[in-house]
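In what follows, a single structure is set out as C-alpha cells and then discussed.
Laboratory data are not the source of any read-out in this text; all were calculated from the coordinates shown. Since the structure is predicted, the reported quantities are computational estimates derived from the model, not experimental observations.
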C-alpha cells in the first residue's frame, strides 16, 4: 500500500477491498475508459491513447490493484510502476490532467457511495495526476499511452 492510499478507509479494509476487490477495480477501470470515449470534454486525454483501450485498461487495472492495496499485478508483470518515467514521452499538461480527472471522478462518483471515501480517493488520484504533469501544453500528440 502507498502513502496516498493507506489511510483511505476508516475500517481495516484496504481501499482495494472497500472497492470490491478485482471486480470493483475492473468496473471502475471499465467505466473510466468508457467515459473517456463518451465525453467530448475528454478529447485531449483520449488522443494520447491508442484506438483500442484494451491494453491501457489492463495496465490501469494492474496498477490500481497494487496501488489500492491488492495484489501487485503491475509490479509483477512490468516492475516498479515509475509513473513519471513511463509517462514522460507524452505531453501531460493541465488540460490532459483535468480531463483524466474528470473521467476518474465521474467513474468514482458513480461507483463509490461513501462520500468521505470517494473524496479521499479523488484526492489521492489528483495527487498522482499532478505528479505526472510535464508540460503546460494542451495539445493532442501522436504518441500513445498503452501501458
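With axes computed from alpha carbons, what is the tilt in degrees of helix 94-111 against the longest principal axis of the chain, rounded to the nearest 10 within 0 to 90?
Long axis of 94-111 versus the principal axis of the chain: about 40 degrees.
Under the rule of -39500 (n - 2.57) per DSSP H run of 4 or more residues, summed and divided by the residues of the chain, what mean residue ellipticity at 222 nm is obtained, to the nearest 500 deg cm²/dmol? Walk me through the numbers before you get to the answer.
Values: 8 runs with 87 residues, N = 147.
That comes out to -18000 deg cm²/dmol.
Return one number: the angle in degrees, 0 to 90 and rounded to the nearest 10, between the long axis of the Cα atoms of helix 54-67 and the longest principal axis of the Cα atoms of the chain.
That works out to roughly 40 degrees.
What's the center-to-center distance, using Cα atoms, between segment 19-66 and segment 85-102 in Å?
If we compute the Cα centre of each part, the gap is 14 Å.
Calculate how steeply helix 21-38 sits against the longest principal axis of the alpha-carbon atoms of the chain, using the helix alpha-carbon long axis, and give the answer as 0 to 90 degrees to the nearest 10.
30 degrees
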